[in-house]
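Data block below; observations after.
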4 protein chains.
Amino acid sequence: MKAQRVDMFVCPSATPADTSGLQQLADSGKIRPDTLVALVGKTEGTGFHDDWGRVWADVALRDWTARFLGIPVDEVAKQVIFVLSGGCPGVITPHIAAVTREWVDVPDGESRGDKRLVVGRSGSEAIAPEEVGRMGMIRKVAEATHRAMSDAGLTDPKDVHLVMVKVPGLTTASIRDAESRGTTVVSHDLTFGPEGAGVYANDAAALGVAMALGEVPESSLSDDVVRRNWDLYSEVAMTSSGGEKRHGEVVVFGNSSGSQSPLVIGHSVTRDFIDAQGVRDALRSAGIRFQDGLPDEADLDRLIHVFAKSVIPGSDQIRGRHITLLDDADAYQIGKALGGMLVASVTGRTTNYVSGGERNSHQGPPGGNIVAAVVRAD
Amino acid sequence: MKAQRVDMFVCPSATPADTSGLQQLADSGKIRPDTLVALVGKTEGTGFHDDWGRVWADVALRDWTARFLGIPVDEVAKQVIFVLSGGCPGVITPHIAAVTREWVDVPDGESRGDKRLVVGRSGSEAIAPEEVGRMGMIRKVAEATHRAMSDAGLTDPKDVHLVMVKVPGLTTASIRDAESRGTTVVSHDLTFGPEGAGVYANDAAALGVAMALGEVPESSLSDDVVRRNWDLYSEVAMTSSGGEKRHGEVVVFGNSSGSQSPLVIGHSVTRDFIDAQGVRDALRSAGIRFQDGLPDEADLDRLIHVFAKSVIPGSDQIRGRHITLLDDADAYQIGKALGGMLVASVTGRTTNYVSGGERNSHQGPPGGNIVAAVVRAD
Amino acid sequence: MKAQRVDMFVCPSATPADTSGLQQLADSGKIRPDTLVALVGKTEGTGFHDDWGRVWADVALRDWTARFLGIPVDEVAKQVIFVLSGGCPGVITPHIAAVTREWVDVPDGESRGDKRLVVGRSGSEAIAPEEVGRMGMIRKVAEATHRAMSDAGLTDPKDVHLVMVKVPGLTTASIRDAESRGTTVVSHDLTFGPEGAGVYANDAAALGVAMALGEVPESSLSDDVVRRNWDLYSEVAMTSSGGEKRHGEVVVFGNSSGSQSPLVIGHSVTRDFIDAQGVRDALRSAGIRFQDGLPDEADLDRLIHVFAKSVIPGSDQIRGRHITLLDDADAYQIGKALGGMLVASVTGRTTNYVSGGERNSHQGPPGGNIVAAVVRAD
Amino acid sequence: MKAQRVDMFVCPSATPADTSGLQQLADSGKIRPDTLVALVGKTEGTGFHDDWGRVWADVALRDWTARFLGIPVDEVAKQVIFVLSGGCPGVITPHIAAVTREWVDVPDGESRGDKRLVVGRSGSEAIAPEEVGRMGMIRKVAEATHRAMSDAGLTDPKDVHLVMVKVPGLTTASIRDAESRGTTVVSHDLTFGPEGAGVYANDAAALGVAMALGEVPESSLSDDVVRRNWDLYSEVAMTSSGGEKRHGEVVVFGNSSGSQSPLVIGHSVTRDFIDAQGVRDALRSAGIRFQDGLPDEADLDRLIHVFAKSVIPGSDQIRGRHITLLDDADAYQIGKALGGMLVASVTGRTTNYVSGGERNSHQGPPGGNIVAAVVRAD
């Protein structure tokens, strides 16, 4: 019988184009051309439109991976999924996490007592511009999530702890295409502002995950609820969108008793923007031991990585008190930095994947955010 | 025998000019013209040079106070000390804290078993431009700190938990004055950049407090150590500077068995920029009960206020990992926001006084910051 | 016969709350309670949401005006129109322009040979939230523009050179109100982003002026053209919107042979973002003499004021070359600063009214902007 | 007899790493490995510390050049000088200008009637950290300027129209080195703030050029005048500094009757920040024909490139009126954008080299800036 053996290696990046950490992993045999399935990272820079750090990182990583795999650059995306989130304001260490999956032989019928990390991937059907941010996208992402679960060997949604999704956004060209065919699009705003196509796409993708996992019943979903009914949300979906894609990509992380991975994943959510308890709960969910209400420092050595969203709240109140975050000229950057601090203040380390850039989201509960943690099993 | 009875009331501000909270305190008799000694607050806005929120707040608060005291605006400063810190990025609720002190009769020889909050004030001798950021300023602030302690009825430095100081900075005019008399000044840079006159003034003031409290021996102080030897610092000094002043102002907060205040103060420091334990220690120092390593939520009702600095570190490493905060275009604003998050994530509330704007400081240990907490006694 | 005598006085502002220039005008009799009709100015600050300079200026100016007119503050708006535009980045001197209008007796039948400045005002009917950014608003602004022209004594649209309009935007509350009545609103985005309610309101107001002046035939107007068909525009409308209002306000500036004003107004447009010729044409239109293709410096003494928009272009190309303005994190602020430079480099002075904050607009031609100039007649 | 034939080709850059324009020049034979002497460009991005666009461009251009020249990357700098200025806010088209120089045979004794473009290069002696920003640097840059003039075949300083200089700045390491040897450094501030090591280095380099060209007599130069006496300045020096270098690099552009170049260079200065006349004068100096006081649009076809500084003024007044540029949070970026507008509004094109980032400078007169123009000869 074949069983997955998933591993994850986190390399700090000295510059956006720094691939030395990956090269060391390759040299030591920890990652191999046939095992590398995803590169997920945070890149240094502003995180805004004028952020060339993310673009440079993308080019440099794809180049390196093409050489590593011995294939042309434009075929890299078929084998390795890239999730690069721009902007490391404050206390977020720029880094790349390499995810590997190999298939190992285990005696038939033998199964671990405990569940370990598995990963699964899938691409969605092509998503038309008129489907972006609407039920069409929701359904196609839901379907792809099911297939990625299947690829991971997961059947119970409770075993799913993190779903990273990339979907198409809208562009001037795709809007023109849609309208020339007599259809409409969800927004003409190509920004990530509150009514921008970017956040509609991200949020439809999140609802697609929620639908697939049964977090939201299909019957309560419609075009009208996207970015309107914040009570509908996923607790495990981290999504992003870009105009250049036509297909969605889904990566599912979960735990399975069929896995031979040395790692375990867990997750939780924060209930509001200052909720450190949500971060602690994510660590606890992944199996970190606690002492006196706090993570046992010795046991934090087992922590491999934390993935967190830092969507800024739609409200100007936290626990009944007024905040002015929404008025800050660079609210998204500050919000991302604050998410980084919330995680770092709990984990005691700054190398955390913290992604932001939206106001309100179906990724996590209203005002709160998703946190997932990967831990080396005891 | 006369004993102090010090109280503190924290009013959120809906706008920079919002004095309605103070007016309510006045209407209810909680603050009286003869008891109001200080207004300490955070004002909404960018916190930069172009921040008119702080200026408007200053004008509005002085106007209100003048009417409240029945004196001309330009005499207000003689009776009430104003400490307004601009910029509430992220999760810092704009607010004004009113500090009152009245003298109540207690039977001679009677003393409380426990120590309670006292406050004391003093002005320093005039500080010449050539003394700014140097030993002249250090000595004059030290002297004023002694007098403020005396005004507070404090003799043991261990009882001092917070010293707020305002000192003169440099201006084009004061530099010209100094140089016309054949003296030199510490810097021609009028900004708060790393070699700016503003931070030299702030840091000499902090060393003055450290000298007064014996945190740093006078023998190790000289012009040359200011902003050079970061091992010399105060754990209780929060300082600011402005070109318009000629005298320093010092407000000391501490605990005394001679006080009839319902409040107690405590403090601690963070050891680095993500050190939530330092914030917890400050709450514990002030008497907040802990349960399972965390502040007991029920007991947090007794928390009146937290005062914290958020000086950004001079290093680009936290616990051995690289951060890019120093490269952020708005590092000071993000750093202030991060300090706000660190405190809020522990106290569960956003109404905290968090002031920043410097890189490296003698206010707190290298890389860390000062946190003081005021609590209603059990 | 009564004839208008309109004057305009421009006062630099040392701070947002500086009313000393107005007070001097009042003391010298240049403005009187019965002649002051409008205060139009630029206020220092960021020009963003967190800009308290504009708010402070608004409060201070209304206070001063109330005292000057001897009426309560909340009645000031009935007599004097305030147009305050926040943000003076770069080379825009903060200032307030006071506009006065008095009625003087002239012998019946006597008329000047030349046309001079007149001003007219009107309020629109109440504009419902569902009308904001749509034909309802367009029609009501058009109607109000006709009434303001009539108040100014103008009948020929060619004599109109500047129409300042303030209209209601949308708020969370007004959207809820509209939707509770079964209607829809133009946008749920309350920002000034490209699909925000603020720019829809501004642009419907501009089309309302264009309709009133015959710049755009009513037959080509519909809900669908707003912020879609940029070939429809006004060359004289400068509009702004705010959620707090229910009625539009219109101020028309033009030239009339029935005026006894010492001033004349003219206007032109820039054809793209670097078109200094458009600024020169506006000065020429108002009667400034040119020498060698440039404004005669001696004659520039007659220039009273320039009013210009600086809407940033929707395209990333200027004259066939790529620019990155749209990617600048603070594109609106930089765009406003650039508009200020374009005007200042022609007029040789920095005290110009330059307002921005939008991307694309029906205020001026695609990629270009409106410029109006007021000049003391020869 | 050998004569220089200098040419200049300006390629817009679609991204920071775009070398397609250079490749086309190479493919067409316009630039050759033995003729390429300098690449001077503006790169897209913020222009701040967190600007990875400039770094990426630098890496990509050196890689391309190494391949083009057939030499290792770390030897590229010996053959080709790179001057990359980060940040294209507003209306500055990102671009790379390639400068070529070849030696052609001309009959002995034959000389052109008119002067044409020449270019010369040299490296300075090593500059020690204690010399940075002081006379040591001034003298070494002056010497190198003389040698670059000689390399260009220029003897009369009047024929020099642009001198681009790169010098070492200070770093933590080089300061430590200097102090360990008992010497001092000009500043401990490693920023480009008003007292930062970066601007001291830039300004000493500018005074070095001024000394070499006789713009400032050596007798009036001393350590004390650097960034103090703004009446001392060069009208042709554009300088930059970086910690990583030990030697200065100088490129001189001028006109010589011994040149066979099809190009001519001219220059002028602006007298203040809004002085469009200074830009026009630079074009006129280079030979652009004017019509009615403005550059003749047809003749602007001959304009190859404009090089301009946009140092922001130290004063908050322009022509007697107050501006708030110095209070803008991003004053350097806005200042650079404004310089771009001033040039573009005169040249009618956005592809101009405009570099900024300092407040006050010895590069150009107080408050004004340097402008040089390269034109194809009639």
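Computed values, structure above
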{"quantity": "Criterion: small (G, A, S) and either within 11 Å of another protein chain (Cβ to nearest Cβ) or under 30 Å from A:A329 (Cβ atoms) (or both) - qualifying residue of B:A66, B:A14", "calculated": "B:A14"}
{"quantity": "Hits in the range C:334-357 - residues which are in a helix (DSSP H, G or I) and either at the interface with chain D (Cβ under 7 Å from one of its Cβ atoms) or touching a Cys at 6+ places or on another chain (Cβ under 7 Å) (or both)", "calculated": "C:I334, C:A337, C:L338, C:M341, C:L342, C:A344, C:S345"}
{"quantity": "Evaluation of D:S310 against (1) under 29 Å from D:A142 (Cβ atoms); (2) at pLDDT below 95; (3) of a type outside the set (A, V, I, L, M, F, W, C) (one fails), failing number", "calculated": "(2)"}
{"quantity": "Lone unmet requirement of (1) closer than 30 Å to B:G193 by Cα; (2) open to solvent by 10 Å² or more (accessible area, probe 1.4 Å); (3) touching a helix residue (DSSP H, G or I) at 6+ places or on another chain (Cβ under 9 Å); (4) in a helix (DSSP H, G or I) for B:D58", "calculated": "(3)"}
{"quantity": "Selection from the range C:1-23 of residues that are touching a helix residue (DSSP H, G or I) at 6+ places or on another chain (Cβ under 7 Å), assigned to a strand (DSSP E or B) and more than 22 Å from B:R54 (Cα to Cα)", "calculated": "C:F9, C:C11"}
{"quantity": "In the range B:38-53, residue most open to solvent (accessible area, probe 1.4 Å) [restricted to those that are hydrophobic (A, V, I, L, M, F, W, C) and either touching a Pro at 6+ places or on another chain (Cβ under 8 Å) or within 11 Å of chain C (Cβ to nearest Cβ) (or both)]", "calculated": "B:F48"}
{"quantity": "Test: B:V163 is under 30 Å from B:R284 (Cβ atoms), aliphatic (A, V, I, L, M) and at pLDDT 95 or above", "calculated": "yes"}
{"quantity": "Residue within the range A:24-35 that is open to solvent by less than 30 Å² (accessible area, probe 1.4 Å), more than 14 Å from chain D (Cβ to nearest Cβ), among the hydrophobic types (A, V, I, L, M, F, W, C) and touching a helix residue (DSSP H, G or I) at 6+ places or on another chain (Cβ under 8 Å) present", "calculated": "yes"}
{"quantity": "Residue that is nearest to B:T191 (Cα to Cα), among those in the range D:304-333 that are part of a loop (DSSP other than H, G, I, E, B) and β-branched (V, I, T)", "calculated": "D:T324"}
{"quantity": "Residue check for C:G196: outside the structural domain of C:Q79 (by TED's automatic domain parsing) and either touching a residue at least 24 places away in the same chain (Cβ under 8 Å) or open to solvent by 50 Å² or more (accessible area, probe 1.4 Å) (or both)", "calculated": "no"}
{"quantity": "The listed residue being within 21 Å of C:Y200 (Cα to Cα), more than 15 Å from the chain's Cα centre (by Cα) and modelled with pLDDT under 95, out of A:A197, A:A173", "calculated": "A:A197"}
{"quantity": "Residue in the range A:332-352 that is surrounded by fewer than 18 Cβ atoms within 10 Å (Cβ to Cβ) and touching a residue at least 12 places away in the same chain (Cβ under 8 Å) present", "calculated": "no"}
{"quantity": "Residue list for the range A:157-171, filter: of a type outside the set (V, I, T) and out of contact with any Leu (no Cβ under 8 Å at 6 or more places or on another chain)", "calculated": "A:K158, A:D159, A:H161, A:L162, A:M164, A:K166, A:P168"}
{"quantity": "Any hit, the range C:42-54, residues being assigned to a helix (DSSP H, G or I), more than 21 Å from C:G340 (Cα to Cα) and over 22 Å from the mean Cα position of the chain (by Cα)", "calculated": "no"}
{"quantity": "For C:G136: the one exception among (1) touching a residue at least 40 places away in the same chain (Cβ under 8 Å); (2) out of contact with any Pro (no Cβ under 7 Å at 6 or more places or on another chain); (3) assigned to a helix (DSSP H, G or I)", "calculated": "(1)"}
{"quantity": "A:A206 vs. criteria touching a Pro at 6+ places or on another chain (Cβ under 6 Å), among the hydrophobic types (A, V, I, L, M, F, W, C) and open to solvent by less than 20 Å² (accessible area, probe 1.4 Å)", "calculated": "no"}
{"quantity": "Residues being within 20 Å of C:M341 (Cβ to Cβ) and aliphatic (A, V, I, L, M) - total across the range C:256-282", "calculated": "5"}
{"quantity": "B:E125 in a strand (DSSP E or B), open to solvent by 40 Å² or more (accessible area, probe 1.4 Å) and of a type in the set (D, E)", "calculated": "yes"}
{"quantity": "Single residue of the range D:70-120 satisfying the filter (within 20 Å of the chain's Cα centre (by Cα) and open to solvent by 30 Å² or more (accessible area, probe 1.4 Å)) that is modelled with the highest pLDDT", "calculated": "D:R101"}
{"quantity": "Filtered residues of the range C:231-270 (kept if over 22 Å from C:V118 (Cβ atoms) and part of a loop (DSSP other than H, G, I, E, B))", "calculated": "C:D231, C:L232, C:Y233, C:G243, C:E244, C:K245, C:R246, C:T270"}
{"quantity": "Every residue from the range A:257-288 that is more than 20 Å from B:V346 (Cα to Cα) and open to solvent by 20 Å² or more (accessible area, probe 1.4 Å)", "calculated": "A:S257, A:G258, A:Q260, A:P262, A:V264, A:H267, A:S285, A:G287"}
{"quantity": "Positions within the range C:289-303 being at pLDDT 95 or above, assigned to a loop (DSSP other than H, G, I, E, B) and closer than 20 Å to D:S345 by Cα, in sequence order", "calculated": "C:D296"}
{"quantity": "Hits in the range B:181-210 (condition: away from every other protein chain (no Cβ under 14 Å), in contact with a helix residue (DSSP H, G or I) (Cβ under 6 Å, 6 or more places away or on another chain) and not small (G, A, S))", "calculated": "B:T183, B:L207, B:V209"}
{"quantity": "Unique residue being touching a Gly at 6+ places or on another chain (Cβ under 9 Å), of a type in the set (D, E) and not assigned by TED's automatic domain parsing to the domain that holds A:G133 when the list is A:D296, A:D316, A:D301, A:D328", "calculated": "A:D328"}
{"quantity": "Residues of the range B:285-328 satisfying the condition of being within 30 Å of D:D51 (Cα to Cα) and facing chain A (nearest Cβ under 8 Å)", "calculated": "B:I318, B:R319, B:R321, B:H322, B:I323, B:T324, B:L325, B:D327, B:D328"}
{"quantity": "Selection status of D:P94, under 17 Å from C:H322 (Cβ atoms), touching a Pro at 6+ places or on another chain (Cβ under 9 Å), of a type outside the set (A, V, I, L, M) and within 14 Å of chain A (Cβ to nearest Cβ)", "calculated": "yes"}
{"quantity": "Test: residue in the range D:176-190 that is small (G, A, S), modelled with pLDDT of 95 or more and part of a loop (DSSP other than H, G, I, E, B)", "calculated": "yes"}
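The values are calculated or read from the model by the stated rules, or taken from the named source; none is laboratory data. Quantities reported herein were computed from a predicted structural model and do not represent experimental measurements. Please note: Cβ atoms are built from the backbone with ideal geometry, for glycine as well, and neighbour counts cover all protein chains shown. Heavy atoms of the whole protein, side chains included, go into the accessibility calculation; ligands, DNA and RNA do not. Shrake-Rupley method; radii C 1.70, N 1.55, O 1.52, S 1.80 Å.
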